[in-house]
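Colleague: Quick one: structure below, then a few questions.
The values are calculated or read from the model by the stated rules, or taken from the named source; none is laboratory data. All of these numbers come straight from a predicted model, not from anything done at the bench. Cβ coordinates were reconstructed from backbone atoms using ideal geometry, including for glycine residues, and neighbour counts include every protein chain displayed.
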């Protein structure tokens with residue numbers, strides 16, 4: 001490393017925020033306080049309050065001091081400097097690390113500030129190079145004074161300025177989406193609601209156990225079943241839990257998405273800012289964008305909602321959920337999602353994700369129906385078998401659940417078939433699939449780095465084929481599922497001219513069935 | 001391109017030799033002939049791959065069979081219940097070791113042109129993979145202990161996609177090394193950012 005330890009010329013080394021000690025101490029104080037209360041409760045029950053305090057308080061203080069010391073140590077060992085070519089970072093609590101990231105390799109600079117950091121006027125800066133998919137390509141600086149963090153981001157992303165930016169009339173079109181409180185209606189329709197409802201149920205029992213009251217809770221709930229018919233009480237219980245889950249989902253949504261804005265900055269970088277308590281600021285250099293995905297989860301779709309995810313290479317990865325850092329627009333009305341998708345892609349006309357799609361052959365519907373019914377009947381077969389062997393109650397459960405599940409399975413299968421479609425819209429390959437999570441992806445054709453064509457023996461019989469466009473962005477490949485064999489191959493051939501052509505045989509005049517690039 | 005301008009042509013010429021190499025007869029393709037379909041790649045894998053795959057399957061089946069057999073010898077009362085599954089597994093393993101590699105040999109094919117690497121694998125789940133030379137990031141050959149005994153190698157070509165790697169198993173070791181060298185040259189001759 002030839003450039004290390006050269007500080008004579010170039011800017012001086014900068015350090016983290018002096019308040020790292022406070023931040024570290026607060027981080028450990030919060031969980032330590034929780035643990036202290038629980039342990040203290042048990043000790044106080046077992047002996048006296050004095051003994052409990054004598055045990056718990058010193059441990060609490062030690063934990064907080066250790067947290068503060070780690071923050072202080074982080075402050076002591078970490079320094080960073082941006083010179084003309086590189087971002088230099090010296091850090092590491094256990095292993096001393098010296099990093100020098102080439103500035104043109106830096107693809108994303110994300111700022112997060114949780115409530116603790118916000119009170120202290122600081123933020124966490126996460127710099128992603130997109131070199132590796134894992135955490136290796138990401139450098140985290142914590143905590144950085146808010147003003148320095150903003151300046152650092154501006155400096156590091158300055159190179160992203162497009163060379164043709166001056167000629168581009170759209171270069172500075174600013175706001176792409178602004179937060180609208182009415183979007184909140186889509187929030188409880190997420191699959192998070194039942195998940196959190198279940199978590200609330202489990203969590204209540206767990207907390208009760210910590211305080212030795214689990215049995216009392218179970219008995220109380222059990223006694224409710226005496227008040228009314230069991231089915232009614234069960235239903236009320238489920239509805240109650242779902243409402244708790246819904247409120248929790250709403251709270252999470254508000255915390256994540258409050259004051260969401262999506263901007264295109266003058267240099268072409270897409271910039272997402274959001275969050276009520278923890279504020280997040282995510283930048284995505286436009287040259288990393290390979291397309292967009294309009295995602296309609298089942299609940300949101302029934303209410304006419306959709307969200308927009310970026311299909312991009314080298315997004316910074318860290319503790320934060322990957323899906324969320326890819327999301328450009330939270331679930332919002334479908335028309336808005338389509339418009340934002342078009343704006344993000346700088347498509348002046350109709351959004352590619354709303355382009356009319358070529359449907360897939362009915363054989364694909366047959367496959368979906370067989371999968372759906374097969375899954376339901378498989379489960380029912382187990383119930384019937386157990387019922388025949390053990391108790392007839394299971395037989396009743398089997399036919400009752402069959403009455404409900406078979407129509408649901410058929411509806412989902414038909415809906416999944418309706419979702420299928422593909423086309424080429426200008427510079428984009430567009431593919432749609434899914435029923436529980438319907439996703440329409442518009443992938444830049446120049447972002448396709450290869451093809452994987454799959455066909456099982458059953459697909460071969462039905463004349464279907466799954467064509468996957470491999471790409472550096474997102475999960476690595478986007479699939480066109482169960483297309484007619486000739487359609488799918490013609491699509492791949494037309495999307496990247498010349499790549500698949502040498503390996504195709506058959507009707508050469510078949511090309512017109514896929515729209516040629518505009 | 002500048003300095004490299006003479007590069008791609010020469011490499012292309014070298015790669016083109018893979019086009020005209022020993023062309024084995026195309027395999028039987030019993031699918032109904034649709035209007036447009038992918039043709040089988042030109043080259044079959046090395047015939048020694050059949051032995052290699054067989055040995056892998058034999059070893060795979062041998063582990064549970066040996067464990068069950070030893071247990072059967074040691075635990076006299078349960079002998080029947082241990083020997084019976086061992087026998088069934090051994091029979092299935094033997095059948096697989098005889099039939100599957102021959103089936104795979106007919107279906108695993110590969111081809112390298114001066115534009116792309118093209119492979120076909122699998123029988124029940126057939127899979128064709130195409131990676132353009134211009135998007136290749138790494139080329140490497142791997143030889144496991146069994147492969148070394150059979151004089152075989154596996155060539156792996158990766159692109160920027162996490163799911164785009166193209167793997168050619170059961171190549172003659174020398175062919176694989178030559179191919180890797182040529183592909184590496186061709187890849188260096190393409191200066192663009194392969195993402």
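Colleague: Could you say whether any residue in region B:105-114 is buried (at least 18 other Cβ atoms within 10 Å of the Cβ), more than 14 Å from chain A (Cβ to nearest Cβ) and not in a loop (DSSP other than H, G, I, E, B)?
Modeller: Yes, the conditions are met somewhere in region B:105-114.
Colleague: Could you figure out which of (1) surrounded by 13 or more Cβ atoms within 10 Å (Cβ to Cβ); (2) modelled with pLDDT of 90 or more; (3) closer than 30 Å to residue A:112 by Cα isn't true of residue A:283?
Modeller: Only one criterion is unmet by residue A:283, namely (2).
Colleague: Restricting attention to region A:473-498, report how many residues are within 19 Å of residue B:113 (Cα to Cα) and touching a helix residue (DSSP H, G or I) at 6+ places or on another chain (Cβ under 8 Å).
Modeller: Adding up the residues that qualify gives 2.
Colleague: Can you confirm whether region A:429-450 contains a residue that is outside any strand (DSSP E or B), over 22 Å from residue A:310 (Cα atoms), more than 8 Å from chain B (Cβ to nearest Cβ) and in contact (Cβ under 8 Å) with a residue 12 or more places away in the chain?
Modeller: Applying the first criterion (outside any strand (DSSP E or B)) to region A:429-450 yields A:434-436, A:445-447.
If we keep only those that are over 22 Å from residue A:310 (Cα atoms) too, we end up with none.
Looking through region A:429-450, none of the residues is outside any strand (DSSP E or B), over 22 Å from residue A:310 (Cα atoms), more than 8 Å from chain B (Cβ to nearest Cβ) and in contact (Cβ under 8 Å) with a residue 12 or more places away in the chain.
Colleague: Taking the condition of being buried (at least 16 other Cβ atoms within 10 Å of the Cβ) and either within 14 Å of another protein chain (Cβ to nearest Cβ) or in contact (Cβ under 8 Å) with a residue 24 or more places away in the chain (or both), how many residues in region B:63-88 meet it?
Modeller: Within region B:63-88, residues that are buried (at least 16 other Cβ atoms within 10 Å of the Cβ) and either within 14 Å of another protein chain (Cβ to nearest Cβ) or in contact (Cβ under 8 Å) with a residue 24 or more places away in the chain (or both) number 1.
Colleague: Determine which member of the set B:158, B:195 is under 21 Å from residue A:443 (Cβ atoms), at pLDDT below 95, facing chain A (nearest Cβ under 9 Å) and surrounded by 16 or more Cβ atoms within 10 Å (Cβ to Cβ).
Modeller: Working: B:158 fails: facing chain A (nearest Cβ under 9 Å).
Of the residues listed, the single one that is under 21 Å from residue A:443 (Cβ atoms), at pLDDT below 95, facing chain A (nearest Cβ under 9 Å) and surrounded by 16 or more Cβ atoms within 10 Å (Cβ to Cβ) is B:195.
Colleague: Can I ask one more? For region A:56-85, which positions are more than 21 Å from residue A:22 (Cα to Cα), surrounded by 14 or more Cβ atoms within 10 Å (Cβ to Cβ) and out of contact with any helix residue (DSSP H, G or I) (no Cβ under 6 Å at 6 or more places or on another chain)?
Modeller: A:81, A:83
Colleague: Looking only at region A:439-457, filter to residues that are in contact with a helix residue (DSSP H, G or I) (Cβ under 7 Å, 6 or more places away or on another chain) and more than 25 Å from residue B:125 (Cα to Cα); which one of those is surrounded by the most Cβ atoms within 10 Å (Cβ to Cβ)?
Modeller: Top of the filtered list is A:442.
Colleague: Filter region A:474-504 for residues that are within 7 Å of chain B (Cβ to nearest Cβ) and part of a strand (DSSP E or B) and give the result.
Modeller: Once the filter is applied, which keeps residues that are within 7 Å of chain B (Cβ to nearest Cβ) and part of a strand (DSSP E or B), region A:474-504 yields A:477, A:504.
Colleague: So residue A:465 ticks every box in (1) at pLDDT 95 or above; (2) facing another protein chain (nearest Cβ under 7 Å) but one. Which box is left unticked?
Modeller: Of everything listed in (1) at pLDDT 95 or above; (2) facing another protein chain (nearest Cβ under 7 Å), residue A:465 misses just condition (2).
Colleague: Across region B:122-138, what is the total count of residues that are buried (at least 20 other Cβ atoms within 10 Å of the Cβ) and more than 10 Å from chain A (Cβ to nearest Cβ)?
Modeller: So the count comes out to 1.
Colleague: Give me the residue from region A:173-202 that is loosely packed, with under 13 Cβ neighbours inside 10 Å and over 24 Å from the mean Cα position of the chain (by Cα) and, out of that set, modelled with the lowest pLDDT.
Modeller: Among those residues, the one meeting the criterion is A:174.
Colleague: Now, a different point. Would you check if there is a residue in region A:371-394 being touching a strand residue (DSSP E or B) at 6+ places or on another chain (Cβ under 9 Å) and surrounded by 20 or more Cβ atoms within 10 Å (Cβ to Cβ)?
Modeller: We begin by selecting, within region A:371-394, every residue touching a strand residue (DSSP E or B) at 6+ places or on another chain (Cβ under 9 Å); these are none.
For region A:371-394, residues touching a strand residue (DSSP E or B) at 6+ places or on another chain (Cβ under 9 Å) and surrounded by 20 or more Cβ atoms within 10 Å (Cβ to Cβ): absent.
Colleague: Could you list, in sequence order, the residues of region B:69-104 that are in a loop (DSSP other than H, G, I, E, B) and in contact with a helix residue (DSSP H, G or I) (Cβ under 8 Å, 6 or more places away or on another chain)?
Modeller: As a first pass, look at region B:69-104 and keep what is in a loop (DSSP other than H, G, I, E, B): B:75-78.
Selection gives B:75, B:78.
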